[in-house]
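Presented below is the structure to which this report refers.
The values are calculated or read from the model by the stated rules, or taken from the named source; none is laboratory data. Nothing here was measured: the structure is a model prediction, and the numbers come from that model. Virtual Cβ from ideal backbone geometry, glycine too; neighbours counted across all protein chains shown.
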């Protein structure tokens, strides 16, 4: 009799789990999870203990800050150092870390620490969150991601402490070093220096190089990390030569590394040329500092949100270049925003193939699938639509120039956090628009679209094939 009851209980639990899986798709669970973290963070930041003056922060401002932290953006409507207490800053720091790695990664880490196995649904959500093609080795990947993240952030904090401890004292200096190391690696762009982001360190080589390396590492993506570490281990073990090691890298890694390098060089050259004679930015700096500033701004513009030179005094041409870099963003499966580097390179390769009259898009002796090309095109079209629609709405609600609201809109959507100085004066409606952009940008336009349309990404295509008909294009 007891055996029959046990079997019934097992069947009931099995059906209950099955109903839960059917009720919310992995994509929807991911969206709802991020929303829950954002509102929890906003609630904590609304408390008097979160501010220096122990006053209640309006929920909209708290929600804006929480969204910016979880979506690792860095846009703020109140000064992080002056407004938030240590408790409030720590809440923001935790939200940044959770937002960068994903709430499911933290949940999985807790499960691993307490010895609890993850369910099928949880693994599906983790796969979606990390942008992986399958669930194979997902637990091992999460362990490696968390381990490497904390190691890199610790090293970054130690290096930054050599600058900040002598300036702010042992405790405060270490705290600032840890805060900025995490913020940089997570590509968040939050700072607790004061007004003007990292402008006081425009000539400090240690800060510039350390922050730049942290930003690049975070923006490359965890998939690239894994591939590079595996290849480097093989090279050190003497299995492959350096040339073969490079060939062994996946196509994704090759495209990310090449496009990242190209964009950094491209951004550096344009910022250096356009701002060289601008006395309000880099004209009065030494030649070395001009180059360092241009490199730093090129790297952080695509995703991190730090700046060592005032952005509102830049030439309009430079601001336009920065808008383009922000919209592109970093790379998939990492802490960066934007449409992503791989998306851009796929579209470029598709255009080149079409011009050359090739039927397939090929690179490094590999063929890129039509599905990847369509997805890349979809991401860009949806991204442009969201940015332009938001910009148009902001031109109605805000009393700023078009270039200022466009800059702010792209910065929010691409989760960058750079601003021309208008965020503090933005209206309530404007804040809601930017909050929405930050959220969509962090999870990705495709993820939001799939969640809202209740589309199953794994569903089979309709078996019916309709006849083709030629249309005129171009």
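Listing for the model above:
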read-out	value
Tally, over the stretch 387-424, of residues that are more than 19 Å from residue 320 (Cβ to Cβ), touching a helix residue (DSSP H, G or I) at 6+ places or on another chain (Cβ under 6 Å) and in a helix (DSSP H, G or I)	2
Residue in the stretch 95-109 that is farther than 23 Å from residue 218 by Cα, surrounded by 24 or more Cβ atoms within 10 Å (Cβ to Cβ) and modelled with pLDDT of 70 or more present	no
Residue 283 surrounded by fewer than 22 Cβ atoms within 10 Å (Cβ to Cβ) and either in contact with a strand residue (DSSP E or B) (Cβ under 7 Å, 6 or more places away or on another chain) or outside any helix (DSSP H, G or I) (or both)	yes
Failed criterion for residue 263 (all others in (1) under 15 Å from residue 208 (Cα atoms); (2) in a helix (DSSP H, G or I); (3) touching a residue at least 12 places away in the same chain (Cβ under 8 Å); (4) out of contact with any helix residue (DSSP H, G or I) (no Cβ under 6 Å at 6 or more places or on another chain) hold)	(1)
Criterion violated by residue 421 - all others in (1) buried (at least 21 other Cβ atoms within 10 Å of the Cβ); (2) in contact (Cβ under 8 Å) with a residue 24 or more places away in the chain satisfied	(1)
Filter result for the condition that a residue is at pLDDT 60 or above, over 24 Å from residue 184 (Cα atoms) and touching a helix residue (DSSP H, G or I) at 6+ places or on another chain (Cβ under 8 Å), over 57, 65	57
Among residues of the stretch 307-329, those that are more than 19 Å from residue 221 (Cα to Cα) and not in a helix (DSSP H, G or I), counted	9
Residue within the stretch 386-400 that is closer than 21 Å to residue 221 by Cβ and crowded, with 17+ Cβ neighbours inside 10 Å present	no
The one condition in (1) modelled with pLDDT under 90; (2) within 24 Å of residue 145 (Cβ to Cβ) that residue 341 fails to fulfil	(1)
Count - residues of the stretch 63-103 that are assigned to a loop (DSSP other than H, G, I, E, B) and in contact with a strand residue (DSSP E or B) (Cβ under 9 Å, 6 or more places away or on another chain)	2
